[in-house]
Amino acid sequence: MKEANYTSKGNKIRQDRVFPIVNTIILILIMFITLYPVLNTVAYSFNEGTDALRGNIGLWPRVFSLESYKSILSDKAVYKAAWISASKTVLTTVLNLFWTSMLAYALSRKEYVLRKFITVVMVLTMYVNAGLIPNYLLISKTLHLSNSYLVYIIPTMFSCFNMIVIRTYIAGLPDALVESARIDGAGDIRVFWQIIFPLCKPVLATVALFVAVGAWNSWFDTYLYNGGKKELYTLQYLLKMKLATTQASANAAKSTAEALTSATKTTPITIRCAITVIATVPILVVYPFLQKYFVTGIALGSVKE
């Protein structure tokens, strides 16, 4: 009997040791699979153009060169476009959170008699979309937002999907918080800003990251509405045009030896990788500041009954 107990305990100890080891190996493999494309892109961006055409570059550039970054950053229009992208990202994120969270709070209140009707109408807009052409006519012809900075802000000030996410989170908060505040004489605006809004930091940080990434990476709105106004180009649209120009130069370089010699330092693949790095770095810088709110949200969800 004792031998059986010792055997079962020994098996349990071995199992307790095996699981962390296997789990660690799997996580390391997943980390490597995730990081390799990123590090490979960085390596290509710092590699010399002609050498990059040979391929087989791993995690470190074979022939180090900054020509791709010099080619992109030497254009003064890049800094103007970066300012446009950064400002529109900040404004879009702040205004989207402001309007979306306030409406989400209103629709989460059970005493609001029209909350179900308004919610259904808004959800229908997610399933029934008029399409690109009606949206273009609405924004450019009806609202007259073409060739203006406001075309980046006004159409993105509200998101139905984000509203549903925030409303669901608010609905999970204890009603006693709102009731106790109202007993003390607080109105809806004060309840929202002083009680509900601080408690929504995890979900607001998540939504803010979604909105910010979408606004930062957006280029099609520039193509549709501000393509003829260079001072309103966003960074992504300008970099896309830069890549197209580089590709055209590379195609022309195939016809003459002189053009080929001048195009050896940068190639479309190194320019493309450098563009990817430049466009990705701002999001990577912002994410660590929001990570703690993701952890808080997970912790709240793990103890919720």
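List of remarks:
- Residue match in the range 155-174 (condition: of a type in the set (D, E, K, R) and over 27 Å from Y112 (Cβ atoms)): no
- Those residues of the range 124-170 which are at pLDDT below 85 and in contact with a helix residue (DSSP H, G or I) (Cβ under 9 Å, 6 or more places away or on another chain), in sequence order: T125, M126, N129, A130, L132
- Residues being part of a helix (DSSP H, G or I), within 21 Å of G214 (Cβ to Cβ) and among the charged types (D, E, K, R) are represented in the range 160-179 by at least one member.
- One residue stands out in the range 111-125 among those that are among the hydrophobic types (A, V, I, L, M, F, W, C) and not in a helix (DSSP H, G or I): the one that is farthest from the chain's Cα centre (by Cα), namely V113.
- Flag if I30 is modelled with pLDDT of 90 or more and part of a helix (DSSP H, G or I): yes
- For the range 223-245, the criterion of a residue being closer than 30 Å to D51 by Cβ, modelled with pLDDT of 80 or more and either of a type in the set (D, E) or not in a helix (DSSP H, G or I) (or both) is satisfied by no position.
- With respect to the conditions (1) of a type outside the set (S, T, N, Q); (2) closer than 28 Å to L204 by Cβ; (3) in contact (Cβ under 8 Å) with a residue 40 or more places away in the chain, A77 falls short on a single one, namely (2).
- When the range 38-86 is filtered for residues that are assigned to a loop (DSSP other than H, G, I, E, B), crowded, with 16+ Cβ neighbours inside 10 Å and hydroxyl-bearing (S, T, Y), only S65 remains.
Each row is one residue, and each column tells you yes or no for (1) without any contact (Cβ under 8 Å) to a residue 12 or more places away in the chain; (2) crowded, with 17+ Cβ neighbours inside 10 Å; (3) in contact with a Lys or Arg (Cβ under 7 Å, 6 or more places away or on another chain); (4) more than 30 Å from F192 (Cα to Cα).
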residue: M126; (1), (2), (3), (4): no, no, no, no
residue: G131; (1), (2), (3), (4): yes, no, no, yes
residue: L145; (1), (2), (3), (4): no, yes, no, yes
residue: P155; (1), (2), (3), (4): no, no, no, no
residue: M163; (1), (2), (3), (4): no, yes, no, no
residue: P174; (1), (2), (3), (4): yes, no, no, no
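- Of all residues making up the range 183-192, the number that are surrounded by 13 or more Cβ atoms within 10 Å (Cβ to Cβ) and assigned to a helix (DSSP H, G or I): 4
- Close pairs (8 angstrom Cβ cut-off, 6 or more residues apart or separate chains): on the phi < 0 side of the Ramachandran plot in the range 87-116, outside any helix (DSSP H, G or I) and among the aromatic types (F, W, Y) anywhere: N96/F158; W99/F158; T100/F158; L103/F158; A106/Y112
Every residue, every condition in (1) touching a helix residue (DSSP H, G or I) at 6+ places or on another chain (Cβ under 8 Å); (2) closer than 19 Å to T245 by Cβ, yes or no:
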residue	(1), (2)
I25	no, no
T34	no, no
S45	yes, yes
G49	yes, yes
I57	yes, no
E67	yes, yes
S74	no, yes
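- Within the range 193-209, being in contact (Cβ under 8 Å) with a residue 24 or more places away in the chain and assigned to a helix (DSSP H, G or I) holds for I196, F197, L199, K201, P202, V203, L204, A205, T206, V207, A208, L209.
- Test: residue in the range 260-282 that is surrounded by fewer than 16 Cβ atoms within 10 Å (Cβ to Cβ) and at pLDDT 70 or above: yes
The values are calculated or read from the model by the stated rules, or taken from the named source; none is laboratory data. Remember, predicted model here, so these are calculated numbers, not experimental data. Cβ: placed from backbone, ideal geometry, glycine included. Neighbour counts: every protein chain shown.
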